[in-house]
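Colleague: What follows is a single structure, and I will ask about it in a moment.
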Amino acid sequence: MEIGGGSESPDEPKKGKSKTPRKPKESILKQKSPAEFFAENKNIAGFDNPGKSLYTTVRELVENSLDSAESISELPVVEITIEEILKTKFNSMIGLVDRERVDAELYDDYETAKAREKRLAKEARAQEIQAKNASLGKKGREPAASKGMKGRGEASFYRVTCRDNGRGMPHDDIPNMFGRVLSGTKYGLKQTRGKFGLGAKMALIWSKMSTGLPIEISSSMKGQNYTSFCRLDIDIHRNIPHVHVQEKRDNKDLWHGAEIQVVIEGNWTTYRSKILYYMRQMAVITPYAQFLFKFVSDTPDKNITIRFSRRTDVMPPVPQETKHHPSAVDLLLIKRLIAETAKQSLLQFLQHEFVNLGKSYAERLIGEMGPEFCPKMSVKSLTSQQIVRIHQLFRQAKFDDPSGDCLSPAGEYNLRLGIIKELHPDMVATYSGSAQVFEGHPFIVEAGVSIGGKDVKQGLNIFRFANRIPLLFEQGADVVTRTALKRINWSSYKINQTQDKIGVFVSIVSTKIPFKGTGKEYIGDDISEIASAVKSAIQQCCIQLKSKIVKKIQAREQQERKRNLSRYIPDATNAVYNVLKEMAHVHASKKKRHDGENAEILSKVSARVITNETLRDKLAQHVEQVDHEMAMEYATQSGASAESKEEIYIQSLDATDNFTDFKSPLFVFRLVH
């Protein structure tokens, strides 16, 4: 039976349908540049969303400025400005003409007539309920403000400008310093503020992704009579800078430092508190720096200007680059050190490329490696198997711990000043531990604990710092938070964990901070050496505070005792005076005679030389005398002098003054020549 006309021969292939299988496309090997990788994984560097991107941009620029000023031992002066750019202004900056909406339904914030009617009815009901509650005198909840629908395509833009008085940059190096990812001057083994070594490069990548506008850099080094100006962006796929303008301009003021300006998409509303909190914490850990923060908007009510003044001119030493510890290296690092070393023999390589490896101990290690090793053998001739043997011995042998000389903690003096300057606590204690080691890396823990203060909530307020930068996110999993909440018995130090306003400040510095998570926002609780050092540092602060609190309680009890005694002075004097009057009357009637001193007192009572008021004054003087003696004893125990205090006046230091500093953990004595 034929359907549809005739049948096709089975040997004939059907038209339009080839039986030949398609060949799969050959896979093409591609590679990504570092800039492209970070652009696609921007959350790793803290650019999760527009709000956090604005925060991270501010943080990176501020920390770069501090590093630059400290590298030349210059007291940092950092000015950071965030300028809000409205859509109309942004469009004019990029040469885009504003257009009215033609098809409103295309937009994400379009509201249908039915949805608008429903929203207005809901708002009307809420207002009716509020009016009814007001007429009945009830306090109803404030109606939530109607949220304007914001489309996904509607963005907020900000110009972030950071200016400092640091080292500045060489004219020819500026393009590569900003336009080439993973190139810089901070990749040695030393304590650094940065987390990824990206600095302002990631802000440039975010600017390229969100606005397409280039970054502008002005820079001048000390003694230069010109300022380098550069406008550039980055070729993300090739990881090279694209320079728009690079020129030298007059530097009549002989200014030195850098000014960086970048326009990015951001969200000031959601991250305002985080940015201001970051600036406040930075002022705590760097009291020797001066910060000026400005937020500028077309709406004057939104403008903000905050100055964080300098409290001291004593700066921590500059962190020093150090060598690797044998127990902290891996195979890849050993191979890289061998490739880069200028030393010829294995003995010289071990001595000069690693810390705490003297000649005699290096010879003992070489002897332990096996007969195929000798001190004079060429280090470049080592085979892969021999390098593995060296690595295995490094992991098994014992070495002296590295010293903390290469580290640069804030110091007790600066930490205490910073806490007092920003929080104004009732009392504060600080402690700086000695250098300790984890996995071959030295670290130092400093801590401060304060009681009371302004803008401090009841309970524990935890402030975390790593290599002298604040950590604001993922606080719950951090070693400092867990230690303060779970491992410190606050009540044993006379501190009420829930009622008192407690500030806990912990700063950890190291050549390697063991961050956890992709964003490197917290230090894990799994390294016993760090957890133990944090606990010990907080406890030392609590011990200091306990003695102060006990003395304060004793002083309060003494005042209460004085108050109680003074309260009963009138009753006591009335009772004593009445008894003396009765005795004087009996003595005068010769019914019972008294002699000696008693008779003299009774005679004075009769003659009204001793009156009720006289007794009251004498008793009050006695209470004051006892209180003074107890206060003197308290002052002696506290180390205070009983001598009267004299006012002293210290003249301000001029730039020409010569002085010598004598430093201790808690104060600096300055001798002016």
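The values are calculated or read from the model by the stated rules, or taken from the named source; none is laboratory data. Note that the coordinates shown come from a computational prediction; the quantities given were computed from them, not determined experimentally. So basically every Cβ, Gly included, is an ideal-geometry build from the backbone, and we count neighbours across all protein chains shown. Note: accessible area is taken over every heavy atom of the protein model, side chains too, but ligands, DNA and RNA are not part of it. Shrake-Rupley method; radii C 1.70, N 1.55, O 1.52, S 1.80 Å.
Colleague: Rolling a 1.4 Å sphere over the protein heavy atoms, what is the accessible area per residue of segment 277-317, to the nearest Å²?
Modeller: 43 Å²
Colleague: Next question. Given a cut-off of under 8 Å on Cα pairs at least six residues apart, what relative contact order in percent is computed for segment 411-640?
Modeller: Relative contact order comes out at 18 percent.
Colleague: Another question, if that's okay. Return, ordered by residue number, the residues of segment 67-96 whose backbone nitrogen is under 15 Å from a label point located 7 Å along Cα→Cβ of Y107.
Modeller: Residues 87-88 qualify, since their backbone N sits under 15 Å from the label point.
Colleague: Over segment 450-559, what relative contact order in percent results from Cα pairs under 8 Å that are six or more residues apart?
Modeller: 35 percent
Colleague: On to the next question. In what sequence, largest accessible area first, do D103, D525 appear using a 1.4 Å probe?
Modeller: Sorted by accessible area, descending: D103, D525.
Colleague: Just add up the charged neighbours of L333: K/R +1, D/E -1, any other residue whose Cβ is under 14 Å from the Cβ of L333.
Modeller: So the surrounding residues net to +1.
Colleague: With an 8 Å cut-off on Cα pairs and a minimum separation of 6 or more residues, tell me the relative contact order of segment 340-396 in percent.
Modeller: For segment 340-396, the relative contact order is 36 percent.
Colleague: Distance between Cα centroids, segment 398-414 to segment 548-602: provide it in whole Å.
Modeller: Here the answer is 64 Å between Cα centres.
Colleague: Kindly rank 254-261, 82-89 from highest to lowest mean number of other beta carbons found within 10 Å of each residue.
Modeller: Taking the mean over residues of other Cβ atoms within 10 Å, the ranking is 254-261, 82-89.
Colleague: Does a label point 7 Å from the Cα of E368, set along Cα-to-beta-carbon, have any residues of segment 284-328 with amide nitrogen under 13 Å, and which are they?
Modeller: Answer for segment 284-328: 326-327.
Colleague: Between segment 294-360 and segment 206-254, what is the C-alpha centre distance in whole Å?
Modeller: 26 Å
Colleague: Follow-up. Taking 7 Å along the Cα-to-C-beta vector as the label spot, tell me the N598-K486 distance in nanometres, rounded to one decimal.
Modeller: 7.4 nm
Colleague: Please identify which residues in segment 73-108 have an amide N closer than 11 Å to a label point set 7 Å out from the Cα of S297, following the Cα→Cβ vector.
Modeller: 84-85
Colleague: Please find the FRET efficiency linking N91 to D48, where r is the Cβ-Cβ separation and R0 is fixed at 25 Å, and quote it to the nearest 0.05.
Modeller: Result of the calculation: an efficiency of 0.40.
Colleague: Please find the FRET efficiency linking K551 to V243, where r is the Cβ-Cβ separation and R0 is fixed at 56 Å, and quote it to the nearest 0.05.
Modeller: In this case the efficiency is close to 0.30.
Colleague: Let's see if you can work this out: charge +1 on each Lys and Arg Cβ, -1 on each Asp and Glu Cβ, no other charges. What is the dipole magnitude of segment 411-640 about its Cα centre, in debye to the nearest 20?
Modeller: 640 debye
Colleague: Here is a follow-up. Pull out the extension gain between E100 and S384, defined as 0.36 nm times the separation in residues minus the alpha carbon to alpha carbon distance; nm, one decimal.
Modeller: Full extension of this stretch gives 95.4 nm more.
Colleague: What pairs from K274/K494; K359/K520; K30/K89; K520/K546; K52/K89 go past 28 Å between their alpha carbons?
Modeller: K274/K494; K359/K520; K30/K89; K520/K546
Colleague: On full extension of the chain, what length is gained from Q458 through F515, given 0.36 nm per residue of separation minus the C-alpha to C-alpha distance?
Modeller: 17.6 nm
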